[in-house]
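Data block below; observations after.
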Amino acid sequence: GTRIQATFPKWKNFKLVQDGAEVAPGVRLVNAPGHTPGHAAYLVTSGGKQLMVSNDVMYVPALLAPHPDWQGAYDQDGPLAIETRKKLVDRVIAEKMMICGAHFPFPGIGTFVKDGSGYAFTVTKV
């Protein structure tokens with residue numbers, strides 16, 4: 001908390017950015033709070049294709065896809081993590097994009113569809 005806030009201004013090689021900011025060509029920050037303070041995902045675009053790099057929004061899809069309301073011990077703000085998870089996955093589905101995440105099964109990328117009150121995840125074969 002305080003120690004980190006006191007340290008950041010001394011660093012010369014970083015810049016705080018807001019939701020939607022382009023952090024590299026074709027890469028935009030997507031605010032994704034709840035798992036941890038300041039947690040973010042990234043939307044990568046190339047031509048007409050998009051990829052959501054979800055980090056820990058939908059960790060362990062086998063558990064959270066069918067049960068998006070479940071809270072893991074690592075979700076520091078459980079209700080906010082659930083809200084973020086649903087919003088992000090609904091966007092991925094609506095915009096027909098692929099998604100990858102920190103703990104997705106090999107090869108770490110796939111797609112979601114609605115399945116009742118939850119979702120179903122399909123791994124993309126490479």
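The values are calculated or read from the model by the stated rules, or taken from the named source; none is laboratory data. Computed from a predicted structure; not experimentally measured. As a convention, Cβ positions derive from the backbone with ideal geometry for all residues, glycine included, and neighbour counts pool all protein chains shown. Just so you know, the surface numbers come from the protein's heavy atoms only, side chains and all, with ligands and any DNA or RNA stripped out. Shrake-Rupley method; radii C 1.70, N 1.55, O 1.52, S 1.80 Å.
Could you count how many residues in region 10-32 are closer than 13 Å to L88 by Cβ, modelled with pLDDT of 95 or more and open to solvent by 30 Å² or more (accessible area, probe 1.4 Å)?
Counting residues in region 10-32 that are closer than 13 Å to L88 by Cβ, modelled with pLDDT of 95 or more and open to solvent by 30 Å² or more (accessible area, probe 1.4 Å) gives 1.
Being without any contact (Cβ under 8 Å) to a residue 12 or more places away in the chain, of a type in the set (K, R) and open to solvent by 10 Å² or more (accessible area, probe 1.4 Å), is that true of even one residue in region 71-93?
yes
Assuming M58 fulfils every condition listed in (1) at pLDDT 95 or above; (2) more than 21 Å from L16 (Cβ to Cβ) apart from one, which condition is it?
The number of the failed condition is (1).
Which one is nearest to G78 (Cα to Cα) among residues in region 33-66 that are open to solvent by 20 Å² or more (accessible area, probe 1.4 Å) and β-branched (V, I, T)?
Checking each candidate, the answer is T36.
Select from region 112-126 the residues that are open to solvent by less than 50 Å² (accessible area, probe 1.4 Å) and modelled with pLDDT of 95 or more and write down the one among them that is farthest from E95 (Cα to Cα).
G118
Does F106 fit the bill of being at pLDDT below 95 and part of a helix (DSSP H, G or I)?
no
State yes or no: is G101 open to solvent by less than 70 Å² (accessible area, probe 1.4 Å), out of contact with any strand residue (DSSP E or B) (no Cβ under 7 Å at 6 or more places or on another chain) and over 30 Å from T2 (Cβ atoms)?
Yes, satisfied.
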